[in-house]
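> This is the structure I have questions about; it appears just below.
Just so it is clear, none of the values below were taken in a lab; they were calculated from the coordinates. Since the structure is predicted, the reported quantities are computational estimates derived from the model, not experimental observations. Quick reminder, even Gly has a Cβ in these numbers, built from the backbone with ideal geometry, and neighbours come from all protein chains shown.
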Amino acid sequence: MAHTLFLTILLFFVGTTVSGQRCNCNYISHPQTRFCQAHFAFRGSILNAEKAALPGERDRGYLYNQNLRYNVSVYEIFKGEMTYMTEHVVSLFTPTGGICGKPGLLQSQKEDNSENDFLFTGDIAVTSQGYKYLVITNCNWVARWEDLTKEQQEGLNGFYSDCGCEIYPRSEALDLGDTDADNFQVEDCGFNPISASILKVTDCETNFGHCMEVDDQVCSWVLSPTFEECFASRKSRLLLGAAAVTTRKDCNIYTGKQRKKCLLKVMKANRL
Ligand SMILES: *[C@@H]1O[C@H](CO)[C@@H](O)[C@H](O)[C@H]1NC(C)=O
């Protein structure tokens, strides 16, 4: 059942993909990876949004146009040559249908104009008639500017341009018996946002980290003060949490797989 659904979605994507527009991607990727994969990255403010035809295509009217066009005033460019800019305004397109698109960025508009201030990373796509346009989908990193950390802003201004390392998600916890702290390692370029979220600890890598080749062919997280501090305090918190669990009842703070893991740990400890 689940497989059929997955396949259907996949086929839908293949069927609707315009050249250069990415709908199919690993949704768990690090900001640095997304920056590296993007054709452009800039900070800008959304002026308006309307359903529109892609460049060179026939305007089929509000009901039938498949894309939303954001007109965005560009403040700061981090990547890409913005030759398609007129008077600092660019048009960004996003599909309105499916889970591929990013409509609704303007919806949560407040009085304060800074609310429309976004980081946009995206791709240059080509229509079937050969017209180029800028596109954003859920595969791209798009975020409210005020939600970015200082380190992410610095990354955009330089560190993220280092694209020689692959930052890969670790999707599963390591072996039973290891502590939760072992889900996170500093010596390579793995990160684990899912574990961070389940364990309710900071995703230091996403928020404060960037990766670099430190030695010949060896990649690792760069130990900036903020990153190091985050990593160390997360580790001590997780090690402390592991030590605090001594009875079966202590495991009730967890659910599902985490709870099972906790119960096993208690059993093991009591056997010793
Ligand atoms: C957005 O920009 C396009 C291209 O410059 C322009 O044709 C369109 O009228 C603009 N939309 C709005 C609502 O201003």
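> Output the pairs from 102/132; 235/265; 150/265 with a Cα-Cα distance over 28 Å in this structure; if there are none, say none.
150/265
> Gain in length, residue 126 to residue 39, computed as 0.36 nm per residue apart minus the alpha-carbon separation, to one decimal in nm?
Contour length minus the Cα-Cα distance gives 30.0 nm.
> Now, a different point. Rounded to the nearest 0.05, what FRET efficiency do residue 153 and residue 28 give with R0 = 22 Å and r taken as the Cβ-Cβ distance? Could you check?
Step by step, r from the Cβ atoms, then E = 0.55.
> So between residue 247 and residue 232, what do we pick up on full extension, going 0.36 nm a residue minus the alpha carbon distance?
This chain segment gains 2.7 nm when fully extended.
> Then there's this: Trypsin sites (Lys or Arg not before Pro) within the range 186-272: which are DSSP loop residues with at most 15 other Cβ atoms inside 10 Å?
Filter output for the range 186-272: 200.
> Averaged across orientations, what area in nm² does the convex hull of the alpha carbons in the range 154-271 project?
Average of the hull's projected areas for the range 154-271 equals 7.9 nm².
> Testing the spin-label approximation: label points 7 Å from Cα along Cα→Cβ at residue 76 and residue 271. State their distance in nm.
Output for this residue pair reads 5.5 nm.
> Let me ask another. Rank by packing, highest mean first: peptides 92-98, 71-77, with packing defined as the count of other Cβ atoms within 10 Å averaged across residues.
92-98, 71-77
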